[in-house]
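> Structure provided below as structure tokens; questions to follow.
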Amino acid sequence: MKPIRTQRLILRNWEERDRGLFFRINSDDRVMEFFPFRRDRAQADAVFDTLCSGIDTRGYGLAATEIAATGDCIGFVGLCPVEFGSPFADGSVEICWRLAPEFWSNGYVTEAAKAWLRFGFEQLRLSEIVSFAVWNNRRSTAVMERIGMRRDPALDFDHPNVPDTHPALKPHVVYRLSAEDWRKTLL
């Protein structure tokens, strides 16, 4: 993908130097609080390798997010296809993120997510972008609201990939933003 620059960030392809950070955010209890798993090194490396190859072929994906002034990779923000069906239509695209805790509360996710919305609506010509999170993940839903997404309770669902051994993590809320509503925010 061609890097996307914001005021403070560079959204770019993953590089080998990011591998350690990727493992760290996928095994950190605070970062993964709303996920039923933590990835060990081999699992994180496998996902990292998949992300490296996937972002190149589509031109978008879960991009490494770097602070432009320091060159520090802080996690990822990006777009990806929703890989399961209901309640989402085929071809639905999700915006998602994961940052190392020391970079939380600086507005980085909001800044990067706004850039990805612009890319999704202007370059990819998407009609809608969705996001979802465990119902009580207030940090993520607050970002969704800051970037202009609105909750659609009719689409709330139990996540099919969360095992029954983690019932508190199954209920998810859905937020969405149409291209039309996004364009209104630009006026």
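> Taking the stretch 60-114 as the region of interest, how many residues are out of contact with any Leu (no Cβ under 9 Å at 6 or more places or on another chain) and not in a loop (DSSP other than H, G, I, E, B)?
Total satisfying the criteria: 8.
> Answer yes if at least one residue in the stretch 66-87 is among the charged types (D, E, K, R), open to solvent by 50 Å² or more (accessible area, probe 1.4 Å), closer than 25 Å to Pro171 by Cβ and within 15 Å of the chain's Cα centre (by Cα), and no otherwise. Explain how you work it out, then say what you get.
Initially, the stretch 66-87 is screened for residues among the charged types (D, E, K, R), giving 66, 72, 83.
Going one step further and asking which of them are open to solvent by 50 Å² or more (accessible area, probe 1.4 Å), we end up with 72, 83.
Next, only the ones that are closer than 25 Å to Pro171 by Cβ stay: 83.
Among the residues that remain, those that are also within 15 Å of the chain's Cα centre (by Cα) are: 83.
There is at least one residue in the stretch 66-87 that is among the charged types (D, E, K, R), open to solvent by 50 Å² or more (accessible area, probe 1.4 Å), closer than 25 Å to Pro171 by Cβ and within 15 Å of the chain's Cα centre (by Cα).
> Only one of Arg12, Arg58, Arg8, Arg39 is of a type in the set (Lys, Arg) and within 18 Å of Glu94 (Cβ to Cβ). Can you tell me which? I'd like the intermediate steps shown before the answer.
On the way: Arg12 fails: within 18 Å of Glu94 (Cβ to Cβ); Arg8 fails: within 18 Å of Glu94 (Cβ to Cβ); Arg39 fails: within 18 Å of Glu94 (Cβ to Cβ).
After applying the criteria, what remains is Arg58.
> Select, from Glu102, Glu128, Glu145, Glu122, the only residue that is surrounded by 15 or more Cβ atoms within 10 Å (Cβ to Cβ) and among the acidic types (Asp, Glu).
Going through Glu102, Glu128, Glu145, Glu122 in turn, the sole match is Glu128.
> Restricting to the stretch 131-142, name every residue that is surrounded by 15 or more Cβ atoms within 10 Å (Cβ to Cβ) and hydrophobic (A, V, I, L, M, F, W, C).
Across the stretch 131-142, the qualifying residues are Phe132, Ala133, Val134, Trp135.
> While we're on this one: Given the options Ala133, Ala113, Ala100, name the one that is closer than 26 Å to Phe23 by Cβ, at pLDDT 95 or above, in contact with a His (Cβ under 7 Å, 6 or more places away or on another chain) and of a type in the set (A, V, I, L, M, F, W, C).
Numbers: Ala113 fails: in contact with a His (Cβ under 7 Å, 6 or more places away or on another chain); Ala100 fails: in contact with a His (Cβ under 7 Å, 6 or more places away or on another chain).
Criteria check complete, one pass: Ala133.
> In the stretch 115-126, how many residues are touching a strand residue (DSSP E or B) at 6+ places or on another chain (Cβ under 8 Å) and assigned to a loop (DSSP other than H, G, I, E, B)?
Filtering the stretch 115-126 down to residues touching a strand residue (DSSP E or B) at 6+ places or on another chain (Cβ under 8 Å) leaves 115-117, 119-121, 124, 126.
Next, from what is left, pick out any that are assigned to a loop (DSSP other than H, G, I, E, B): 124, 126.
Of the residues in the stretch 115-126, 2 are touching a strand residue (DSSP E or B) at 6+ places or on another chain (Cβ under 8 Å) and assigned to a loop (DSSP other than H, G, I, E, B).
> Another question about this same structure. When you check Ile129 against the structure, is it closer than 23 Å to Thr185 by Cα and of a type in the set (Val, Ile, Thr), yes or no?
On the way: closer than 23 Å to Thr185 by Cα: yes; of a type in the set (Val, Ile, Thr): yes.
Yes: the conditions hold for Ile129.
> From the list Arg38, Arg17, Arg30, Arg24, which residue is surrounded by 13 or more Cβ atoms within 10 Å (Cβ to Cβ), in contact (Cβ under 8 Å) with a residue 24 or more places away in the chain and of a type in the set (D, E, K, R)? So that I can check it myself, show each step before the final result.
Values: Arg38 fails: in contact (Cβ under 8 Å) with a residue 24 or more places away in the chain; Arg17 fails: surrounded by 13 or more Cβ atoms within 10 Å (Cβ to Cβ); Arg30 fails: surrounded by 13 or more Cβ atoms within 10 Å (Cβ to Cβ).
Of the residues listed, the single one that is surrounded by 13 or more Cβ atoms within 10 Å (Cβ to Cβ), in contact (Cβ under 8 Å) with a residue 24 or more places away in the chain and of a type in the set (D, E, K, R) is Arg24.
> Okay, next question. With the requirement that a residue be loosely packed, with under 14 Cβ neighbours inside 10 Å and either under 11 Å from Pro87 (Cβ atoms) or modelled with pLDDT of 95 or more (or both), what does the stretch 153-162 give you? Please lay out each step first, then the result.
Here is the first cut: in the stretch 153-162, the ones loosely packed, with under 14 Cβ neighbours inside 10 Å are 153-154, 158, 160-161.
Those that are loosely packed, with under 14 Cβ neighbours inside 10 Å and either under 11 Å from Pro87 (Cβ atoms) or modelled with pLDDT of 95 or more (or both): Pro153, Ala154, Asp158, Pro160.
> Right, another one. Of the residues in the stretch 169-180, how many are open to solvent by less than 70 Å² (accessible area, probe 1.4 Å) and either charged (D, E, K, R) or more than 21 Å from the chain's Cα centre (by Cα) (or both)?
Initially, the stretch 169-180 is screened for residues open to solvent by less than 70 Å² (accessible area, probe 1.4 Å), giving 169-175, 177-179.
Adding the requirement that they be either charged (D, E, K, R) or more than 21 Å from the chain's Cα centre (by Cα) (or both) leaves 170.
Residues flagged as open to solvent by less than 70 Å² (accessible area, probe 1.4 Å) and either charged (D, E, K, R) or more than 21 Å from the chain's Cα centre (by Cα) (or both) within the stretch 169-180 amount to 1.
> So, one more: Going residue by residue through the stretch 83-93, is there one that turns out to be over 24 Å from Phe23 (Cα atoms), touching a residue at least 12 places away in the same chain (Cβ under 8 Å), touching a Cys at 6+ places or on another chain (Cβ under 8 Å) and of a type in the set (A, V, I, L, M, F, W, C)?
Initially, the stretch 83-93 is screened for residues over 24 Å from Phe23 (Cα atoms), giving 84-93.
Within this subset, residues satisfying the condition of being touching a residue at least 12 places away in the same chain (Cβ under 8 Å) are 84, 86-88, 92-93.
Then drop every residue that is not touching a Cys at 6+ places or on another chain (Cβ under 8 Å), which leaves 93.
Now restrict to residues that are of a type in the set (A, V, I, L, M, F, W, C): 93.
Scanning the stretch 83-93, I find at least one residue that is over 24 Å from Phe23 (Cα atoms), touching a residue at least 12 places away in the same chain (Cβ under 8 Å), touching a Cys at 6+ places or on another chain (Cβ under 8 Å) and of a type in the set (A, V, I, L, M, F, W, C), so the answer is yes.
> Considering every residue within the stretch 27-42, establish whether at least one is touching a Phe, Trp or Tyr at 6+ places or on another chain (Cβ under 8 Å) and in a helix (DSSP H, G or I).
Of all residues in the stretch 27-42, those touching a Phe, Trp or Tyr at 6+ places or on another chain (Cβ under 8 Å) come to 39, 41.
Restricting the remaining residues to those that are in a helix (DSSP H, G or I) gives 41.
Taking every residue of the stretch 27-42 in turn, at least one turns out to be touching a Phe, Trp or Tyr at 6+ places or on another chain (Cβ under 8 Å) and in a helix (DSSP H, G or I).
The values are calculated or read from the model by the stated rules, or taken from the named source; none is laboratory data. Predicted, not measured: the structure shown is a model, and the values here were computed from it. Cβ sites come from the backbone with ideal geometry, for glycine too, and all protein chains shown count toward neighbours. SASA here: full protein model, heavy atoms, side chains in, ligands and nucleic acids out. Shrake-Rupley method; radii C 1.70, N 1.55, O 1.52, S 1.80 Å.
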